[in-house]
Amino acid sequence: MGDLQSTRKRFLIAAVALAAVNVLLLAYLLWPGSSASAQDEQEAALQQRNNSLKAELEKWKGSDPATTRADLKEFYADNVPVRSSQISEQLEKIIKDTGVRAPAIRYSQETAQKTALPSVQQIKVETTVTGDYAKVAKFINAMEQAKLLFIIDKVSFSGQEGGTVTLQITFNTFLKESA
């Protein structure tokens, strides 16, 4: 009789363990993304991304260095100002066009960094922009689309009062060094 109870107990433990394994396997099969079709879709998306990156790489492999130099010269001529006043003018125009308020714009001339690019100096700019959310969003969008090169480094939310949003924005721009 004792042998039958011990066998029954072992059988019950084995049945519970197998049931737990079945539940885990069923959960794995039903988990989103683990089905064969989901994996096939993911593989197809990755293959498409790989093909597009290869095509872009091929486009750049065949580029002529002289054309690239000419494109860079044109980019510098159009997007990197010669005078720091051009940076101020562009920012004031964006502020006016978007309807935000920026009581002070701070240029870090003393900590301006030398870049790896010849005759180009990096300038750090900090400002606080205040306006309703839509105007502040337009301001950031206008900066990203501006003719001059503005690279937004940091945006910090510093307050909201009665629908007015205040953001502290730090960004970098570039200036051609005088000869």
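Anything in region 41-77 that is under 21 Å from Leu149 (Cβ atoms) and exposed (fewer than 10 other Cβ atoms within 10 Å of the Cβ)? List them, or say none. Within region 41-77, Trp60, Thr67 qualify. Annotation: of all residues in region 133-149 being in contact with a strand residue (DSSP E or B) (Cβ under 9 Å, 6 or more places away or on another chain) and surrounded by fewer than 14 Cβ atoms within 10 Å (Cβ to Cβ), the one that is farthest from Tyr76 (Cα to Cα) is Tyr133. Screening the candidates Leu25, Leu91 for the property of being surrounded by 10 or more Cβ atoms within 10 Å (Cβ to Cβ) and free of Cβ contacts under 8 Å to residues at least 24 places away in the same chain yields one hit, Leu25. On inspection, Val80 fails the criterion of being surrounded by 11 or more Cβ atoms within 10 Å (Cβ to Cβ) and in contact with a Gly (Cβ under 8 Å, 6 or more places away or on another chain). For region 150-169, a residue qualifies if it is aliphatic (A, V, I, L, M) and surrounded by 17 or more Cβ atoms within 10 Å (Cβ to Cβ), and the qualifying residues are Val165, Leu167, Ile169. State which residue pairs qualify: first residue part of a helix (DSSP H, G or I) and inside region 120-135, second residue among the aliphatic types (A, V, I, L, M) and surrounded by 18 or more Cβ atoms within 10 Å (Cβ to Cβ) in any location, beta carbons under 9 Å apart, and separation of 6 or more residues or different chains. Short answer, once both residue conditions are applied: Tyr133/Val165; Lys135/Val100; Lys135/Val129; Lys135/Val165.
Read-outs: derived from the displayed coordinates by stated rules, not from any lab. Just so it is clear, the structure is predicted and the values come from calculations on it, not from any experiment. So basically every Cβ, Gly included, is an ideal-geometry build from the backbone, and we count neighbours across all protein chains shown.
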